[in-house]
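First the structure, in the form of structure tokens, and then the observations on it.
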Amino acid sequence: MLGVQAAEDASLHGLSFLSSLPKGAVVAGYWPIGDELDPRFLMQALSRAGYKTALPVVDGDNAPLKFRLWGQGDPLIGGPFGTQHPDDDAPSIVPAALLAPLLAFDPACYRLGWGGGFYDRTLAAHTSIQAFGFAYAAQFVEDMPRGQHDWPMQGVITEAGIILPKE
């Protein structure tokens with residue numbers, strides 16, 4: 001139950017923080033795998049508040065993510081790595097903002113992901129997307145190695161509040 005409470009708390013912080021986006025903007029989340037913090041509470045709250053939501057689609061090992069519109073109850077199909085995403089009939093979209101899962105994040109809001117580089121390639125291809133990590137506060141680390149292709153998040157949404165980048 002701890003994970004559900006954390007997801008609900010993070011959802012409240014995220015809704016307040018993301019309310020600066022224009023109504024109707026698309027926010028992409030992700031379908032959680034393993035112990036990732038579940039963004040679906042936040043996605044439902046955003047939908048109720050007048051935003052559109054989307055989920056990522058892996059479109060090849062070295063390609064940026066694609067995004068398809070998705071709302072609670074819309075059909076999903078299985079994807080690589082245990083993910084779920086909308087089928088090909090769902091409209092493709094470039095979101096205004098995205099929530100990124102992560103294994104760890106540092107004070108500058110760089111993230112350590114699962115190692116596939118999908119989010120970094122996506123942010124390089126779509127520099128207009130605002131990216132926010134979505135994670136447990138306990139995933140914070142003081143120092144983390146960075147590669148030349150790593151992109152920082154504009155912030156990290158946690159159950160304890162919003163973490164903004166510091167250098």
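The values are calculated or read from the model by the stated rules, or taken from the named source; none is laboratory data. Treat the numbers as computed from the prediction; the structure is a model and nothing was measured. Every residue, glycine as well, gets a Cβ built from its backbone with ideal geometry; the counts of neighbours run over all protein chains shown.
How many residues does the range 149-167 hold that are more than 15 Å from residue 113 (Cα to Cα) and either touching an Asp or Glu at 6+ places or on another chain (Cβ under 7 Å) or assigned to a loop (DSSP other than H, G, I, E, B) (or both)?
7
Counting just the residues of the range 66-75 that are modelled with pLDDT under 95 and not small (Gly, Ala, Ser), which one comes out surrounded by the most Cβ atoms within 10 Å (Cβ to Cβ)?
Going through the qualifying residues, I end up with 74.
From 42, 55, 37, 46, which residue is under 15 Å from residue 129 (Cβ atoms) and modelled with pLDDT of 95 or more?
Residue meeting the stated conditions: 55.
Of the conditions (1) within 20 Å of residue 120 (Cβ to Cβ); (2) surrounded by 12 or more Cβ atoms within 10 Å (Cβ to Cβ); (3) free of Cβ contacts under 8 Å to residues at least 24 places away in the same chain, residue 94 clears all except one; give me its number.
Every condition holds for residue 94 apart from (3).
Take the residues of the range 1-15 that are free of Cβ contacts under 8 Å to residues at least 60 places away in the same chain and loosely packed, with under 13 Cβ neighbours inside 10 Å: which is nearest to residue 50 (Cα to Cα)?
4
Residue under question is residue 24, and the condition is that it be more than 30 Å from residue 142 (Cα to Cα), modelled with pLDDT of 95 or more and either among the polar types (S, T, N, Q) or exposed (fewer than 15 other Cβ atoms within 10 Å of the Cβ) (or both); does it hold?
Spelling it out, residue 24 is indeed more than 30 Å from residue 142 (Cα to Cα), modelled with pLDDT of 95 or more and either among the polar types (S, T, N, Q) or exposed (fewer than 15 other Cβ atoms within 10 Å of the Cβ) (or both).
To keep it simple, each residue is scored yes or no on (1) among the β-branched types (Val, Ile, Thr); (2) under 16 Å from the mean Cα position of the chain (by Cα); (3) not in a helix (DSSP H, G or I).
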position	(1), (2), (3)
3	no, no, no
14	no, yes, no
21	no, yes, yes
43	no, yes, no
46	no, yes, no
59	no, no, yes
68	no, yes, yes
88	no, no, yes
108	no, no, yes
